[in-house]
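**Student:** Quick one: the structure is below, and I'll ask about it shortly.
The values are calculated or read from the model by the stated rules, or taken from the named source; none is laboratory data. This structure is a prediction, so every number in the text was calculated from the model and none was measured. Positions of Cβ are backbone-derived with ideal geometry, glycine not excepted, and every protein chain shown enters the neighbour counts. To get the accessible areas, we keep the full protein, side chains included, count just its heavy atoms, and leave off ligands, DNA and RNA. Shrake-Rupley method; radii C 1.70, N 1.55, O 1.52, S 1.80 Å.
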Amino acid sequence: MSQTWLAQLEQQARQRLPAPVAEYLMQGARDSISASEAPGGWSQQRLVPHVLRDVTNIDVSVSMLGRSQVPWGIAPTTLQRAVHPDGELAMARATAAAGTVMVVSSNAGTSFADIAATGVRWWLQAYLPSDRTLAAPLLARAVEAGAEAIVLTVDTPVVGTKYSSDPLVWDVIDPKMLRVNFDPGYEDAPGAEKALDLGPHDLDWLAGHTGLPVVVKGVLRPDDARRCVQAGAKAVWVSNHGGRQLDRAASTASCLPGVVDAVGGTAEVYVDGGVRCGLDVLTALALGADAVFLGRLPLYALVDGEAGVTRLHDELRAETVEAFRLSGSRSAADARGLVRAP
Ligand code: FNR
């Protein structure tokens with residue numbers, strides 16, 4: 001059993017966080033089948049390394065929407081201020097120092113302006129409401145605060161049912177830790193519920209409304225990936241929402257190659273779900289991802305505030321460099337195709 005610092009983070013979070021918060025972070029929808037299968041999607045792959053290659057100087061960086069950075073970013077997650085009082089600010093400071101991108105949840109508990117003031121590069125994650133015009137103030141605030149892209153989450157027409165043994169987290173946290181970037185009373189406005197009728201035209205609306213590149217998060221199927229690209233998406237993000245939406249959704253590791261093929265280099269392809277170590281990063285790149293995103297791992301590291309997230313980036317970088325060298329990869333391009341065909 002692995003005993004690296006990264007591998008211990010989940011257990012540490014379980015011990016140190018209030019039980020309802022820990023449960024909220026870790027749970028999946030329904031029977032948690034997709035949530036529990038996710039890490040295995042990576043560890044079950046088998047790599048065929050190159051040898052007799054000079055790996056003295058290697059470059060693990062990738063390009064994401066035109067910026068060079070490490071091959072991972074921070075996925076959008078709520079409740080960061082319930083994990084640590086510094087919440088999104090700690091996540092942002094550590095992520096700025098690591099030179100990578102943070103995707104800020106539309107339900108964040110810290111204002112966009114304060115997050116941006118840390119100097120982090122950030123993208124806004126958005127859900128669209130039934131009445132699209134209600135999203136306009138949130139989008140305007142994000143554009144004004146310097147968001148560089150909009151990530152539209154498309155796997156959440158309704159929130160997947162989760163079972164809970166502890167008191168619900170919503171009953172124990174301060175409501176001020178959530179949704180501070182919306183207008184007051186937003187949730188009670190008619191039409192504020194999540195849209196059940198999302199379509200490709202919404203990508204166009206978002207891009208036109210914000211002038212920003214649109215990334216579509218929550219795609220598992222090659223045909224949907226093609227529709228996203230045809231509708232103007234600059235990147236397709238393979239995700240099953242950490243197993244928190246449709247339980248029994250296929251693992252992202254198993255869906256990634258089909259999406260990469262369908263997109264055929266016409267847009268970037270990101271992936272998340274169960275990425276917990278540098279070998280997982282290498283494996284995702286080997287399966288064709290342009291970059292990975294981390295959901296729970298940085299939340300677990302955030303238990304120690306900014307220092308915890310800084311260490312997460314450092315440890316992941318060290319593990320990824322080791323994985324690159326051991327696989328004979330001098331660059332992310334070299335890592336492609338290292339996976340043995342089934
Ligand atoms: C999430 N996720 C998520 N996604 C999103 O689009 N908007 C959100 O507000 C949230 N909030 C959220 C809260 C918590 C506690 C978790 C664990 C996850 C999903 C997230 O962005 C990502 O898709 C998954 O977490 C990736 O899987 P791993 O890395 O957690 O295994």
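**Student:** Just the number, please: percent antiparallel of the DSSP beta bridges in segment 5-335, rounded to the nearest 5.
**Tutor:** Working: 4 of 30 bridges.
Roughly 15 percent of the beta bridges in segment 5-335 run antiparallel, per DSSP.
**Student:** Another question about this same structure. Normalise the Cα radius of gyration of segment 76-165 by 2.2 N^0.38 Å (N = residues in it) and let me know the number. Write down the numbers at each step before the final one.
**Tutor:** Numbers: Rg = 13.8 Å, N = 90, 2.2 N^0.38 = 12.2 Å.
So the Cα radius of gyration is 1.13 times the expected 2.2 N^0.38 Å.
**Student:** Another question, if that's okay. Send over a whole-number figure in Å² for the accessible area per residue of the chain, probe 1.4 Å.
**Tutor:** Working: 14670 Å² over 342 residues.
Value for the chain: 43 Å² per residue.
**Student:** Expressed as a whole percentage, what fraction of the accessible surface of segment 5-335 belongs to carbon and sulfur atoms when a 1.4 Å probe is rolled over the protein heavy atoms?
**Tutor:** Details: 6980 of 13590 Å².
After summing per-atom areas, the C and S share lands at 51 percent.
**Student:** At a probe radius of 1.4 Å, what is the per-residue accessible area of LEU6, in Å² to the nearest 10?
**Tutor:** The accessible area of LEU6 comes to roughly 10 Å².
**Student:** Which of the peptides 117-128, 32-43 is most tightly packed, and how do the rest follow, going by the mean number of other Cβ atoms within 10 Å of each residue? Let's see the in-between values first.
**Tutor:** Numbers: 117-128: 21.4, 32-43: 19.5.
Peptide ranking by packing, descending: 117-128, 32-43.
**Student:** So for the chain, taking the charge dipole from beta-carbon charges (+1 Lys/Arg, -1 Asp/Glu), which of SER106, LEU220, ALA136 sits furthest toward the positive end?
**Tutor:** Farthest towards the positive pole: LEU220.
**Student:** Something else now. Explain nothing, just the number: dipole magnitude of the chain about its Cα centre with +1 on each Lys and Arg Cβ and -1 on each Asp and Glu Cβ, in debye rounded to the nearest 20. Each step should come with its number before you reach the end.
**Tutor:** Values: 30 positive and 38 negative charges, 145 e Å.
Taking the Cα centre of the chain as origin, the dipole is about 700 debye.
**Student:** In whole angstrom, how long is each semi-axis of the equivalent ellipsoid of the chain, when you take the square root of 5 times every eigenvalue of its Cα gyration tensor and sort them from largest down? Don't skip to the end; give the middle numbers.
**Tutor:** On the way: eigenvalues 175, 110, 77 Å².
Computed over the chain, the values are 30, 23, 20 Å.
**Student:** Follow-up. How do the peptides 297-303, 24-30, 109-115 rank, highest first, by the average count of neighbouring beta carbon atoms within 10 Å per residue?
**Tutor:** On the way: 297-303: 26.9, 24-30: 21.0, 109-115: 19.0.
Highest mean packing first, the order is 297-303, 24-30, 109-115.
**Student:** List the lysines whose Cα sits under 30 Å from the Cα of LYS176, skipping any in the same chain fewer than 8 residues away.
**Tutor:** Partners found: LYS162, LYS194, LYS217.
**Student:** What length, rounded to one decimal in nm, is gained on full extension from ASP131 through to GLN12, with 0.36 nm per residue of separation minus their alpha-carbon distance? Present the calculation step by step, with values, prior to reporting the outcome.
**Tutor:** Details: separation 119, 0.36 × 119 = 42.84 nm, distance 4.16 nm.
That pair, ASP131 and GLN12, stretches by 38.7 nm at full extension.
**Student:** In nm, what is the difference between 0.36 nm times the number of residues separating HIS209 and LEU52 and their Cα-Cα distance? Before the final figure, lay out the partial values.
**Tutor:** Working: separation 157, 0.36 × 157 = 56.52 nm, distance 5.17 nm.
Between HIS209 and LEU52, full extension yields an extra 51.4 nm.
**Student:** Another question, then. Got a sec? What order do ARG16, ARG132 fall in by accessible area at 1.4 Å, biggest, i.e. largest, first? Numbers along the way, then the final one.
**Tutor:** Working: ARG16 125, ARG132 35 Å².
Putting ARG16, ARG132 in descending order of accessible area: ARG16, ARG132.
**Student:** Could you work out how far the C-alpha centroid of segment 200-255 sits from that of segment 9-68, in angstrom?
**Tutor:** 20
**Student:** Counting Lys and Arg as +1 and Asp and Glu as -1, what is the net charge of the other residues whose Cβ lies under 14 Å from the Cβ of ALA267?
**Tutor:** Values: positive: LYS217, ARG226, ARG227, LYS234; negative: ASP224, ASP261, GLU268, ASP290.
It works out to a net charge of 0.
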